[in-house]
Amino acid sequence: MWSQIYDPFNNVWLSTMAAAIPVIVMLAALAFFHIKAHIAALMGLVAALVVAIWGFTMPANIAVSSALYGAAYGLFPIGWIILNVIFLYQLTDRKGQFTILRESIAGISSDRRLQLLLIAFSFGAFFEGAGGFGTPVAVTGAMLIGLGFAPLAASGLSLIANTAPVAYGALGTPIIALAAVTGLDMLELSGMVGRQLPLFSLIVPFWLIWAFCGLRGMLAIWPAILVAGLAFAIPQFLISNFHGPWLVDVGAAVCSMVCLTIFLRLWQPKEIWTSASGSFDASDAPPTSDGGGHGYSRKEVMNAWTPWLILSVIVLLWGIPEWKKYLDSISLIKVEWANLHLLVQKMPPVAAAPKIEEAIFKLNWLSATGTGIFIASVVSALLMGYRVREMLAVYWDTIKLLRYSLLTIAAMLALGYSTRYSGVDSTLGLAFANTGVLYPFFGTLLGWLGVALTGSDTASNVLFGGLQRTSAEQLGLSPVLMAAANSSGGVMGKMVDAQSIVVASTATKWYGHEGEILRYVFFHSIALATLVGLLVTLQAYVHPFTLLVK
């Protein structure tokens, strides 16, 4: 049994700087030295193991085992999701179905700003609510590339759009996990997050279009942005506060898509921006302000949308707790990870009392979201007329296409798990927790850091949820407020976590440019996280915002 040490150098500053080394190495390699993502991830992993073993005195065998445990999780379920989403995209693309789907969306409006709003924000939120774990970025990134968006824009804008829905992703999994680790009431947490994020569900679509085409381009379509944002934010508030976390994103996303589509049948901007570069060229403007049609029959359009409708239905089905429980009952394999399970002890003040950490790899091969996507892909392939041999050929090509991306994801998760089990991430968390009266602000940024490191709002809530409650109670703050702030702040870290960036670069076939994507989204991530932190600070101290805290 090894107990975590959070100040190994008996100096908070030195220990915090040592804990930050793995993250700095990886991000610097990506953003400034333009090193390929899989190599940068491996460099960060090596740094994390060195810091854990020689800095934080973690036994070498446990440290290496924790990295292998993270790598396994990176390949399954995360890599499994990405592999099968791109497989479906490849199937539809080779049959020309994706072209029809792309042009049918252009038929609603040929304005690139409105297409971006419909796909990246509204449609992406549905996939976040139904599946999460990289699915929305993979789907929307591929769709935007198909519509002619530049790889950097398609990647970065998909990441910016996939923020506000994250706290309720995968049918409320982050909130459910947060309630489990904190012991706080799940419905109270759901409601508290639902009194923080709707404001940003209104802000993010405006921010998204501004990031794409600037202030002038954004103001020209503000009515459509407002419709999309309000149609998402209002159901998000109502469902989260009066029902629970399970169907928040799904319900809000469907409402947003329907309302926006109906609105665009009645209204189009005076200037139609058909350039995917984010600028207006008068020569590109069509003579009419409608979508211009697409030239395909209704049957052709329905056939093109069918694979994605099948995917939506199956992903939603796979997210239903009762269905997942049934599938797990007949297929789940649990493996107690050697040299790690029950060998690491989390210590106060990170935990209220010494807590032994489990390390059980759950091979839920049948209930995994990726398996549902695979089934949807196979069914869709058969409907499109593929033979089994052709499907296998496409799948093999997809594996070859994603080989470096899957290696990167495995290395990123290996880094995240090694920092988690070594206590390195908790050292960074404690640095935030020592900010006193400013804790509501910095505690929110702690959630951002957790997602930036782990790639998951669920993982961040598991990692720092208990610390948020303990710190809040010590400072006389509402533990529900600060636990919820961890999740709300975390959603803005989703766009800069290495896993999401790799998914975006893979979906847009822009391999090796992960550093450019990171630089593109970093300001947006920090700025939005800061705004969430300011809102939480107001809720903690300033009337009438305090009325939102129960």
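Calculated [222 nm] ellipticity per residue, helices only, for the chain: -22500 deg cm²/dmol; basis is -39500 (n - 2.57) per DSSP H run with n ≥ 4, divided by all residues, nearest 500. Per-residue surface analysis assigns W222 an accessible area of about 130 Å², computed on protein heavy atoms at 1.4 Å probe radius.
Taking a ≥ b ≥ c as the square roots of the eigenvalues of the alpha carbon gyration tensor, region 354-422 is oblate, as a/c is not under 1.5 and a/b does not beat b/c.
Computed over the alpha-carbon atoms, region 1-76 gives an Rg to Rh ratio of 1.01, Rh here being the Kirkwood radius from the mean inverse distance.
What is the distance in Å between the Cα centres of region 391-467 and region 57-97? Region 391-467 and region 57-97 have Cα centres spaced 14 Å from each other. Just to confirm the number: angle between the C-alpha axis of helix 369-383 and the first principal axis of the chain, 0 to 90 degrees, nearest 10? Helix 369-383 sits at roughly 20 degrees to that axis. Annotation: aspartates and glutamates with alpha-carbon distance below 17 angstrom to K95 (same-chain offsets under eight excluded): E103, E300, E390, D397. Counted over the chain, the DSSP beta bridges are approximately 80% antiparallel. Accessible surface computed residue by residue for the chain, with neighbouring protein chains in place and a 1.4 Å probe, gives 38 Å² per residue. What you get for the chain, charging only the Cβ of Lys and Arg (+1) and of Asp and Glu (-1), is a dipole of about 560 debye around the Cα centre. The alpha carbon centroids of region 140-182 and region 191-242 are separated by 14 Å.
Taking Cα centroids, how far is region 473-550 from region 11-28 in Å? After rounding, the separation between the Cα centres reads 20 Å. Counting only protein heavy atoms and a probe of 1.4 Å, the accessible surface of the chain is 68% carbon and sulfur.
Accessible surface comparison of E336, E473, probe 1.4 Å, protein chains only, largest first: the order is E336, E473.
Computed over neighbours whose Cβ is under 11 Å from that of Y168, the net charge equals -3, Lys and Arg +1, Asp and Glu -1.
Candidates H38, F374, A498 compared by Cα position along the dipole of the chain: farthest toward the positive end lies F374, with charges placed on Cβ. Pairs over the 29 Å Cα-Cα cut-off, from the set K270/K494; K362/K400; K362/K494: K270/K494.
Helix 169-182 and the longest principal axis of the C-alpha atoms of the chain enclose an angle of approximately 10°.
Between the Cα long axis of helix 60-73 and the first principal axis of the chain there is an angle of about 20°, rounded to the nearest 10.
Taking every protein chain into account, the 1.4 Å probe leaves K299 with about 150 Å² of accessible area, to the nearest ten. Sorted largest first by accessible area at a 1.4 angstrom probe radius, with every protein chain in place, the residues H38, H513 fall in the order H513, H38. Solvent-accessible surface of protein heavy atoms, probed at 1.4 angstrom with all chains present, puts D185, D7 in the order D185, D7, largest first.
Once the dipole of the chain is set up with Lys and Arg at +1 and Asp and Glu at -1 on Cβ about the Cα centre, which of V254, A211, W308 lies farthest towards its positive end? Checking the options against the dipole of the chain, the answer is W308.
Tell me the accessible surface of E300 in square angstrom (1.4 angstrom probe, heavy atoms of protein chains only), to the nearest ten. Probe radius 1.4 Å; accessible area of E300 about 80 Å².
The values are calculated or read from the model by the stated rules, or taken from the named source; none is laboratory data. On a predicted model such as this, the values are computed, not experimentally measured, just so you know. For neighbour counting, all protein chains shown are included, and Cβ atoms are generated from backbone atoms with ideal geometry for every residue, glycine included. Accessible surface is based on the protein model in full, side chains and every heavy atom, while ligands, DNA and RNA are left aside. Shrake-Rupley method; radii C 1.70, N 1.55, O 1.52, S 1.80 Å.
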